[in-house]
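The values are calculated or read from the model by the stated rules, or taken from the named source; none is laboratory data. Remember, it's a predicted structure, so these values are computed and weren't measured experimentally. For neighbour counting, all protein chains shown are included, and Cβ atoms are generated from backbone atoms with ideal geometry for every residue, glycine included.
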Amino acid sequence: MQSLCIKEASTACFNGCCPASFLTLPGPHGSTPNSTTSATVSQFDFATAAASSLHPNTQFTNHESIPPLSELCCNFNKAFPQYSRTRQADEIRAQDYYHLSLSNHVCLDYIGHGLFSYSQQQGHYSTAAMASSSSSSPPLTQNSNASTVPFFEISYKSANLNSQVLYGGQESKFESVIRKGIMRFMNISEDDYSMVFTANQSSAFKLVADSYPFQSNPNLVTTYDHQSDAVEAIIDTSKKKGARIMSAEFSWPSLRIHSRKLRKMLVSKRNKRKRGLFVFPLQSRITGTRYSHQWMSIARENGWHVLLDASALGAKDMETLGLSLFQPDFLICSFFKVFGENPSGFACLFVKKSSASVLKNSTTSTGIVSIVPASRLYDSLDQSAITNIDTKQQIKFELEKDESDLPLPSSSSSSISGQKSEKSSEKIQEIEQVRLKQKELSFTEIVELDKPQYTTQCERIGTSMSESAEIQCRGLDDADSLGLILISSRVRYLVNWVVNALMSLLHPHSENGFPLVRIYGPKLRIDRGPAVAFNIFDWKGEIVDPTLVQKLAGRNNISLGYEFLHNIWFSDQHGKERERVLERRSIEDGTVGRKRRPERYETGIPVITASLGFLTNFDDMYRLWAFVSRFLDADFVEKEKWRYMGLNRMTVEV
């Protein structure tokens, strides 16, 4: 099923409705530029093109007056003719992610990289799809039981990060294929970096903090414009180890890094020999603000270790980083299973091999996981992940009983420092092998005792494919097939169009045209990231509760995010806006309000967020805009409440 925009464009915009003169942007002197020139169009021309995409209207005060999708699609292709070159992404979406069209679902609420495609998932777990590899086979419905079976599960393991990085760990073929595929996708060399699977982004951050020597490098500097559980995890762990915590601030209203303050933190001559850890994302995953790569260079030149958070980067963005130039000591990125479904997955922690020696044996080691293939045949075996903690305790008890002269590693079953630890590790492996053999014996009807516990995906569901069959991460392959230039161009056009469209909505009968939407961070910019943070305001100028907007969007099958901007710095020029813009939120319970004064609180701005990926299309952006435009009706929220009122006259919460 093709995008409506693509179908309209192919039958209309490129067959007569769009004059040929619109198919390329004019050069600075009226000449027609070549493709290379038009891809690097100036900021002014780019903003002009974005504004013209709503032609002839540039402002809308009534949601019923917004143009239909087909008309705006044609205007969009006129304004951004290079977008047509990204049609391959729409073809991939139609063929491999058809569930998005079947469910009529707009996914704008999470960032990361999908490992597998939906059609691939269906093909592996449906005997009907396995019977024929023809792409013409009818797709399964979204309600198919097969769609709920994941490609993998994570199993927590007791392992010390330091030992895991320095000596490696036991790795199955399944894990090895996924690891190599991810490192290739991230453009990271196995010669330079070691990779560890972690349960999630928070676990990865906490693992670094647990093993980092804050005793000798006592400072932690973070650069985030929003509240993040992962950042809170590294801050809390570092505090417990005595670290001095500093956070970058972001200037209002641009929300760019306050350069003078951050430079002072990194270059300060005080305690020059005792720097610490600098945690840095290349862009905000909330506002789309991009940050200079040079901050990493400044930090390294002044003795800091650098942790690069690449979780907010789009597909293939790592190809522009130049790891050999900036050389972060640690790098973190997250992956999920299938785009448009439950985004559960895992994170990857990369440690530069030449920096591994800085890590110390930690007192805790929770968060390192193994990636194991999921199979219906092994549902009971998967329970081992749930009971892993109890198993650890039993292993420790048996070690203390049989090897009372050996000190147990604090929280590691793979530490190999010294002869005693080697004996402990051998004992643990022996116990684990016995437990595994007991489990295998209980499944003799479906598992041969001499067969490996996990094999290839196809073998696990009874196909005749050989053991050497390649495990495909088609989600990563899809991004590879498009490449950096097409992906970055596609999301650049889409995000700027929707920003321009949102800013075109004005409340009727308001003096000076009071805007319905406020965008936080960059507006129309070539170099903005593929994320938008915004709020909706009523005709009185009061903010509409972002959580309410999120719920109403969900009822329109549009998934949006909810975040909290903080660390905002106001100059004297904008000082009067501080009280009007910021809200106070309790750190303990997460509630927002101006009257309540909890013991611990922070100030910031709750916002709605929309995140774009290479599978996002123009239809998604139009539906988001059309939904937001409905708030131009002053009674829209009340109408929605009445709409969901039950027969017993009790109002359902919205």
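Residues in the stretch 549-605 that are among the small types (Gly, Ala, Ser), surrounded by 15 or more Cβ atoms within 10 Å (Cβ to Cβ) and modelled with pLDDT of 90 or more: ALA553, SER559, GLY561, GLY604. Looking at the stretch 199-215, which of its residues are polar (S, T, N, Q) and touching a Ser or Thr at 6+ places or on another chain (Cβ under 9 Å)? If the condition is that a residue be polar (S, T, N, Q) and touching a Ser or Thr at 6+ places or on another chain (Cβ under 9 Å), then ASN200, GLN201, SER202, SER203, SER211 are the ones that fit. Within the stretch 259-288, being in a loop (DSSP other than H, G, I, E, B) and surrounded by fewer than 19 Cβ atoms within 10 Å (Cβ to Cβ) holds for SER268, LYS269, ARG270, ASN271, LYS272, ARG273, LYS274. Does LYS316 fit the bill of being surrounded by 14 or more Cβ atoms within 10 Å (Cβ to Cβ) and of a type in the set (D, E, K, R)? Against the criterion (surrounded by 14 or more Cβ atoms within 10 Å (Cβ to Cβ) and of a type in the set (D, E, K, R)), LYS316 qualifies.
Of all residues in the stretch 162-176, those that are assigned by TED's automatic domain parsing to the domain that holds ASP210 and over 15 Å from VAL358 (Cβ atoms) have Cβ atoms under 7 Å from Cβ atoms of residues that are among the hydroxyl-bearing types (Ser, Thr, Tyr) and part of a loop (DSSP other than H, G, I, E, B), 6 or more apart or on another chain, in GLY169/SER414; SER172/TYR454; PHE174/TYR454. Considering only residues in the stretch 154-209 that are part of a helix (DSSP H, G or I) and hydroxyl-bearing (Ser, Thr, Tyr), the one that is farthest from VAL306 (Cα to Cα) turns out to be SER176.
Let's see how each residue does on (1) modelled with pLDDT of 95 or more; (2) in contact with a Lys or Arg (Cβ under 8 Å, 6 or more places away or on another chain):
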site	(1), (2)
GLN457	no, no
ARG490	yes, no
GLY529	no, yes
PHE534	yes, yes
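Which residues, taken from the stretch 29-55, are farther than 26 Å from ALA634 by Cβ and either acidic (Asp, Glu) or at pLDDT 65 or above (or both)? Listed by number, the residues that qualify are GLN43, PHE44, ASP45, PHE46, ALA47, THR48, ALA49, ALA50, ALA51, SER52, SER53, HIS55. Listed here are the helices (runs of 4 or more DSSP H) enclosed by the stretch 469-583 that have at least 2 residues being over 26 Å from SER103 (Cα atoms): 474-503, 577-581. Here PRO522 passes the criteria (1) in contact with a Gly (Cβ under 7 Å, 6 or more places away or on another chain); (2) modelled with pLDDT under 90; (3) of a type outside the set (Gly, Ala, Ser) except the one numbered (2). Residue pairs whose Cβ atoms lie under 7 Å apart, separated by 6 or more positions or on different chains, with the first residue in the stretch 535-557 and farther than 17 Å from SER611 by Cα and the second in a helix (DSSP H, G or I) and of a type in the set (D, E, K, R), are LEU552/GLU640.
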